[in-house]
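**Student:** Sharing a structure here in structure tokens format.
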Amino acid sequence: MKTIIEPFRIKVVEPIRMTTRPEREQILREAGFNLFLIRAEDVLIDLLTDSGTGAMSSLQWAGMMRGDESYAGAKSWYVLQDKIRELTGFKHILPTHQGRASERILFELVGGPGKVVPNNSHFDTTRANIEHTGAKAVDLVIDEGKQPTLRHPFKGNMDLNKLETLIREVGVEHIPLVMVTVTNNSGGGQPVSLENLRAVRRICTKHKLPFFLDACRFAENAWFIKQREPGQQDRGVREIVHEMFDLADGATISAKKDGIVNIGGLLLLRDAELVRRADELLILTEGFITYGGLAGRDLEAMAQGFEEVVHEDYLQYRIRSTAYLGEKLLAAGVQIVEPPGGHAIYIDAKHFCPHIPPARFPGQALVVGLYRQAGIRSVEIGSVMFGQGGTVPSMELVRLAIPRRVYTQSHVDYVVEAIIELFGQRDQLRPLEIAAEPPSLRHFTARFREL
Ligand SMILES: *Cc1c(COP(=O)(O)O)cnc(C)c1O
């Protein structure tokens, strides 16, 4: 059997609505050609992000009803704590409302002026939380990870020589911890090998530095390790996940990704003194240590989501369905970041629209074209997002992020058809200029004009 089917059947459905082309013209104009500014109900297929957009299972919804809403010591908290202890081996677990809350607590404690935090690639909220404390965030992904068409099994790996050099140059006393993001979201959702994680651990041990994971997509990363890393094929995903966490002294997690919930996060720690101080901040800004800014029902849904995400039939379907989209586009001549990552496909917009220079936003032109053509929402990761103030990013990408368990193969086939059709008429995609922009983070609210 060749077809890998969705390992679930559908019990609840949510209608989606196709708009007419004149309606979409109107919607685009009113939103200043920025798809962050349109109503979600005007989108047919929403590939803006895989964060918090997954579909919960019947057991997760059942857990929502079981949720214990006691302020302190709720039963739901112990259900979640037991599940995370079993998966990761960590004893100290702090619940937070989402990943960036874990980051804020961690870096308020260990960051500060003069500090430097290395990572393979910092996610934007991680970088922002580090820099907010006055510390510096440094990306040290391997060179292969920066070349879009180069195939490498673990393009998310940390460059070990660059890490050693950085430690020597800035000095251990200025590095509060070393972080590795699995999978590497900002680098195209590319995985990190177990060998690389072990090597980072050895370097950290040698220099007595704590090693932290940004573990938002730990299960997707473990699946890639099982598929691609020599000697890992016969191990279970749970065993690989456990080893990944065993190597670390702590982890920040957004449960909106591999927790398959709509809201939630975790901070995992080993150091008792750090736990004590983090508990204080948690109570100050999130909530008591047994709920951390979440409802009891959220804790139940998280516990069940973290169980389901390590099921191997789920992971096989998840990673295969992302690759399916990527392979169809490649076969039609659409250049993407290769190989396909875990949670998204990234189209090379420079290749898609060679007639539009970076200053006229080829990625945004493609995002607008795809919505106009087919009601599909994607997101630009290029000059709009990173080019404010004159920097020219090395890549102009459009990300198609895949929500977990939400769309079926026919939805994906529709997306493929729309992109291929658009590719045939790509000379009609229109360059854009900025009509209005805020002083920073312009991709969320900037308005454009078509030229
Ligand atoms: C989403 C994400 C975060 C932040 O999590 P939020 O829940 O959005 O606050 C941090 N790191 C990575 C790699 C992410 O993908």
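**Student:** Taking the condition closer than 24 Å to GLY187 by Cβ and aromatic (Phe, Trp, Tyr), does PHE423 pass?
**Tutor:** So PHE423 does not fit the description; no.
**Student:** Has the range 133-143 got at least one residue that is among the aliphatic types (A, V, I, L, M), touching a Phe, Trp or Tyr at 6+ places or on another chain (Cβ under 9 Å) and without any contact (Cβ under 8 Å) to a residue 60 or more places away in the chain?
**Tutor:** Within the range 133-143 (the criterion being among the aliphatic types (A, V, I, L, M), touching a Phe, Trp or Tyr at 6+ places or on another chain (Cβ under 9 Å) and without any contact (Cβ under 8 Å) to a residue 60 or more places away in the chain), the answer is yes, since at least one residue qualifies.
**Student:** Test HIS207 against the stated conditions and say whether it is at pLDDT 95 or above, farther than 22 Å from PRO95 by Cβ and away from the ligand (no atom under 12 Å from the Cβ).
**Tutor:** yes
**Student:** For the range 39-130, which fully contained helices (runs of 4 or more DSSP H) count at least 2 residues that are within 12 Å of the ligand (Cβ to nearest atom)?
**Tutor:** 99-110
**Student:** Which one of these is touching a Phe, Trp or Tyr at 6+ places or on another chain (Cβ under 7 Å) and either modelled with pLDDT of 95 or more or not assigned by TED's automatic domain parsing to the domain that holds TYR407 (or both): LEU315, LEU281?
**Tutor:** Of the residues listed, the single one that is touching a Phe, Trp or Tyr at 6+ places or on another chain (Cβ under 7 Å) and either modelled with pLDDT of 95 or more or not assigned by TED's automatic domain parsing to the domain that holds TYR407 (or both) is LEU315.
**Student:** Pick from the range 40-70 the residues that are over 23 Å from ILE253 (Cα atoms) and among the β-branched types (Val, Ile, Thr): which of them is farthest from the chain's Cα centre (by Cα)?
**Tutor:** Restricting to residues being over 23 Å from ILE253 (Cα atoms) and among the β-branched types (Val, Ile, Thr), the top hit is VAL43.
**Student:** Please find, among GLY265, GLY333, GLY296, the residue that is within 16 Å of the ligand (Cβ to nearest atom) and touching a residue at least 24 places away in the same chain (Cβ under 8 Å).
**Tutor:** Of GLY265, GLY333, GLY296, the one residue that is within 16 Å of the ligand (Cβ to nearest atom) and touching a residue at least 24 places away in the same chain (Cβ under 8 Å) is GLY265.
**Student:** Consider only pairs whose beta carbons are under 6 Å apart and that are at least six residues apart or on different chains; among these, list those whose first residue lies in the range 184-199 and is more than 11 Å from ASN120 (Cβ to Cβ) and whose second residue is part of a helix (DSSP H, G or I) and within 12 Å of the ligand (Cβ to nearest atom).
**Tutor:** Listed by first residue and then by second, the contacts come to nothing, as the list is empty.
**Student:** Any residue at all in the range 212-222 that's away from the ligand (no atom under 16 Å from the Cβ) and either in a helix (DSSP H, G or I) or within 20 Å of the chain's Cα centre (by Cα) (or both)?
**Tutor:** no
**Student:** Would you mind telling me which numbered condition in (1) surrounded by 15 or more Cβ atoms within 10 Å (Cβ to Cβ); (2) touching a helix residue (DSSP H, G or I) at 6+ places or on another chain (Cβ under 9 Å) HIS132 fails?
**Tutor:** With respect to (1) surrounded by 15 or more Cβ atoms within 10 Å (Cβ to Cβ); (2) touching a helix residue (DSSP H, G or I) at 6+ places or on another chain (Cβ under 9 Å), HIS132 is out only on (1).
**Student:** Continuing with the same structure: List, please: which pairs have Cβ atoms under 8 Å, are six or more places apart or on different chains, and start with a residue in the range 378-400 that is surrounded by fewer than 17 Cβ atoms within 10 Å (Cβ to Cβ) and end with one that is among the basic types (Lys, Arg) and not in a loop (DSSP other than H, G, I, E, B)?
**Tutor:** Pairs found: SER394/LYS146.
**Student:** Take the residues in the range 37-83 that are under 30 Å from SER378 (Cα atoms) and among the small types (Gly, Ala, Ser); name whichever of them is surrounded by the fewest Cβ atoms within 10 Å (Cβ to Cβ).
**Tutor:** Top of the filtered list is ALA40.
**Student:** Let me ask another. Tally up the residues in the range 176-189 that are within 12 Å of the ligand (Cβ to nearest atom), out of contact with any Pro (no Cβ under 6 Å at 6 or more places or on another chain) and either closer than 15 Å to SER102 by Cβ or not small (Gly, Ala, Ser) (or both), please.
**Tutor:** 6
The values are calculated or read from the model by the stated rules, or taken from the named source; none is laboratory data. Note that the structure is a prediction, hence the values are computed from the model and not measured. Reconstructed Cβ throughout: ideal geometry from the backbone, glycine too, with neighbour counts over all protein chains shown.
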